[in-house]
Amino acid sequence: MTDHTHNTLTCDQLLGMLTDYLDGQSRDEICHEIEAHISECNNCRVVVDTTRRTISLVHACNDKPLSIPEDVRERLFQRLNLDDHGASKSNPS
Amino acid sequence: MNVQLQPSFSIEALRSGDRDEFTRLVDAYSGPIYGLGLRMLRREQDAEDVLQNTFVKVLQNIQGFEERSSLSTWIYRIAANEALMMLRKMRPEVNLDDQGADGDEDFMPVQFVDWGALPEETLESGEAKAYLERAIEALPESLRVVFILRDMEGLSIKETSEALNLTETNVKTRLLRARLNLREKLSVYFGEQYFKGVEK
C-alpha cells in the first residue's frame, strides 16, 4: 500500500484505526475521516471491505457452538469427580 | 461460544460447592475451551489436557475468585494460560511475547483484489472454510490466541486484554495483524475466482 494522503488521513493512519473502526468503536469524526478517505482511495476501500468480509467469514465458519466428543466429556467428568452428574448432559446454548 | 450469549451462573453456588451448578458451568464452557485448545495446540490430546487442567483450576480456585473480571473472562484466562504454558513446553523457541513479526511493514497490505462481492456460495463453500481454518492455524501463536478470543469467542478488547494480561493497545495491534494476515491469504485464494469471473 503506497502511503499517500487523502483529505487529512494517510493510508498508514487509516490502517492504525482499522480495528476500532471495524469493531464499531470509532468516534463519529474518525468514521467520517475514514469514509472520506476510502471514497477517494480505492486500495484502502478494498482493504477495509475485504477485512470486514474476512471477519464475517470467520463468524460464519464459527456459528455453531463446538461440542466436545462424548469420551472427552466422560474423562473430564471423571477427573472432576462429577461422574454421577455426567450422565445427564445438558445442551448449552 | 459467543460471550454475549453466555448463560449466567451463581458464583455463590459455585463457591459453596454446588455440584449441579458446577456441572452446568462445565457443560457451558467445555466446547469453547476445547476449541481454544485445539486451535492453539492442534492436537486432540493436548486440547483435552487444556480442558481438564482448566476446570481443575477453576474448581480449586473458585473460592478465591474476586470478581474483578467476569467469570467467563476468568475461565478464558485460565484456559489461555494453560494452552500457552503447554506451547512453551512443546516449542520453547516460540516467542509468545512478540507481536508476530519484527516490523510493521510485514503486515502492510499488498493484495488489492476486491473479492468481497463474490457470491455467498463461493465465499462460504466448504473448501473456502477449510482454507480459512488452515490460515487461522498458521497464524503466529502470539496473534492466534488474541484472534481466537476476540473474533471467534467474542470477548471484547477489554476482556481479551484481561484474559491475556496484555494492554488493550497491544491486543488491538495483534488483532489488526491477525486480521490483515488472514485477509492477505484470503485475497490470494479468492483472487483466482474473482479473475475467473471478470474474464467471463
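Look through B:Met108, B:Met86 and report the one residue that is more than 19 Å from B:Phe22 (Cβ to Cβ) and in the same structural domain as B:Phe22 (by TED's automatic domain parsing).
B:Met86 is the lone residue from the list that is more than 19 Å from B:Phe22 (Cβ to Cβ) and in the same structural domain as B:Phe22 (by TED's automatic domain parsing).
Which one of these does B:Ala79 not meet: (1) among the small types (Gly, Ala, Ser); (2) surrounded by 15 or more Cβ atoms within 10 Å (Cβ to Cβ); (3) under 14 Å from the mean Cα position of the chain (by Cα); (4) not assigned by TED's automatic domain parsing to the domain that holds B:Gly37?
The number of the failed condition is (4).
Among (1) buried (at least 23 other Cβ atoms within 10 Å of the Cβ); (2) closer than 19 Å to B:Ser125 by Cα; (3) charged (D, E, K, R), which single condition is B:Arg150 missing?
Checking B:Arg150 against (1) buried (at least 23 other Cβ atoms within 10 Å of the Cβ); (2) closer than 19 Å to B:Ser125 by Cα; (3) charged (D, E, K, R), the one that fails is (2).
Can you confirm whether B:Asp27 is out of contact with any Gly (no Cβ under 7 Å at 6 or more places or on another chain), exposed (fewer than 13 other Cβ atoms within 10 Å of the Cβ) and closer than 18 Å to A:Arg73 by Cα?
no
Considering only residues that are outside any helix (DSSP H, G or I), at pLDDT below 95 and either more than 22 Å from B:Arg39 (Cβ to Cβ) or touching a Lys or Arg at 6+ places or on another chain (Cβ under 7 Å) (or both), which ones fall in the stretch A:51-90?
Across the stretch A:51-90, the qualifying residues are A:Asn81, A:Leu82, A:Ala87, A:Ser88, A:Lys89, A:Ser90.
Suppose we filter B:Glu153, B:Glu168, B:Glu120 for residues that are touching a residue at least 24 places away in the same chain (Cβ under 8 Å) and either acidic (Asp, Glu) or at positive phi (or both); which single one remains?
That would be B:Glu153, the only listed residue that is touching a residue at least 24 places away in the same chain (Cβ under 8 Å) and either acidic (Asp, Glu) or at positive phi (or both).
The values are calculated or read from the model by the stated rules, or taken from the named source; none is laboratory data. Predicted model, so just to flag it, every value in this text is computed and none were measured. Every residue, glycine as well, gets a Cβ built from its backbone with ideal geometry; the counts of neighbours run over all protein chains shown.
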